[in-house]
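Any read-out appearing in this document is the output of simple, stated calculations on the displayed coordinates, not a laboratory observation. Nothing here was measured: the structure is a model prediction, and the numbers come from that model. Note that each Cβ is placed from the backbone with ideal geometry, even for glycine, and that neighbours are counted across all protein chains shown.
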Amino acid sequence: MCGRYASARSKHQLLEEFQVEQDADPDKELGADYNVAPTKNVYAVLSRVPAEAQRAVRQLRVVRWGLVPPWAKDPSIGSRMINARAETLAEKPSYRRAFAKRRCLLPADGYFEWMPVEGDKKKKQPFFIHPADGGVLAMAGLYEFWKDPGRADDDPLKWLITCTVITTDAEDELGHIHDRMPMMIERDRWEEWLDPQVTDTGQVQRLLVPAQPGRLTAYPVSTDVNNVRNNGPGLIEPLAEEGEGALF
């Protein structure tokens, strides 16, 4: 699974990196977050067709991590829907409509996973996993709109936009840390993945190609990341080899 990640790039950097045409939330700017946790607001890159427009426009939006399906009675279900398995997206009622029409990219610098420490089943060592070339990690995601029945139609909080991270089997070099990993969408597939007019789920499924071995790298980091209240660049600094774990 993916339950924690780092996203420190500024809005300006993301607008340029993802060639975004529209800043959908110009009054919202998220600060660097080295300990992104479920239910936090995050940046999402998505494409939508504006009213009376002929084509989809790529946007950057602020959404909440933890997908809330349109049929949910209340948004609390989102805390249990932070990840969606790539293998069952077209089948699960919570995800299949979004998989067909509402796909997004969730920018990250990398993500965290925990590996049991040999000889101590109660202790786990956190690892930071990130692109080996230092580039952005474009995690595959889905997004949804949820309408709050308890709010007036003109209430700016009437609509809640939420997202989930798509996961897949971890590639061999990372599988010893955790058996699942976020699905990464490479740059040459961004346009097709985001296109809301591509609704054939069979075609979309073919875009989900796990990261190649060596594309991502991992190293152990401080257990300070275990506490969601901790933040800052120190959380992604590697431990010395003689520390809590060895570098990979």
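Taking R0 as 22 Å, what FRET efficiency do you get between T201 and D179 from their Cβ-Cβ distance, rounded to the nearest 0.05? The computed FRET efficiency comes out at 0.35. Sorting the segments 220-227, 188-195, 138-145 by their residues' average number of neighbouring beta-carbon atoms within 10 angstrom, most packed first, yields 138-145, 220-227, 188-195. Listed cross-link partners K40/K101; K40/K121; K101/K124; K40/K92; K40/K73; K92/K121 are compared with a 27 Å cut-off, the Cα-Cα value being larger for K40/K121; K101/K124; K92/K121.
Applying 1/(1 + (r/R0)^6) with r as the Cβ-Cβ distance of D172 and A53 and R0 = 35 angstrom yields a FRET efficiency of 0.20. For M115, the residues whose modelled amide H falls within less than 5 Å of its own, excluding neighbours fewer than 5 places apart on the same chain, are Q125, F127. Projecting label points 7 angstrom from Cα along Cα→Cβ for R187 and A32 puts them 2.3 nm apart.
In the stretch 79-220, a dipole from Cβ-located charges (positive for Lys and Arg, negative for Asp and Glu) runs towards its positive end, and of W114, Y143, S94 it is S94 whose Cα lies farthest in that direction.
First select every other residue whose beta carbon is under 11 angstrom from the beta carbon of P38; then total the charges, Lys and Arg +1, Asp and Glu -1.
For residues surrounding P38, the net value is +4.
For the peptides 201-210, 57-66, the ranking by packing is 57-66, 201-210, with the highest mean count of neighbouring Cβ atoms within 10 Å listed first. Each peptide in 93-99, 8-14 gets a packing score, the mean of other Cβ atoms within 10 Å over its residues, and the list from highest to lowest is 93-99, 8-14.
Placing +1 on the Cβ of every Lys and Arg and -1 on the Cβ of every Asp and Glu, with no other charges, gives the chain a dipole of roughly 1000 debye about its Cα centre.
For the stretch 59-72, the Karplus equation 6.51 cos²θ - 1.76 cosθ + 1.60, evaluated at θ = phi - 60°, returns couplings of 10, 10, 10, 9, 10, 9, 7, x, 5, 10, x, x, 7, 5 Hz by residue, with Gly and Pro reported as x.
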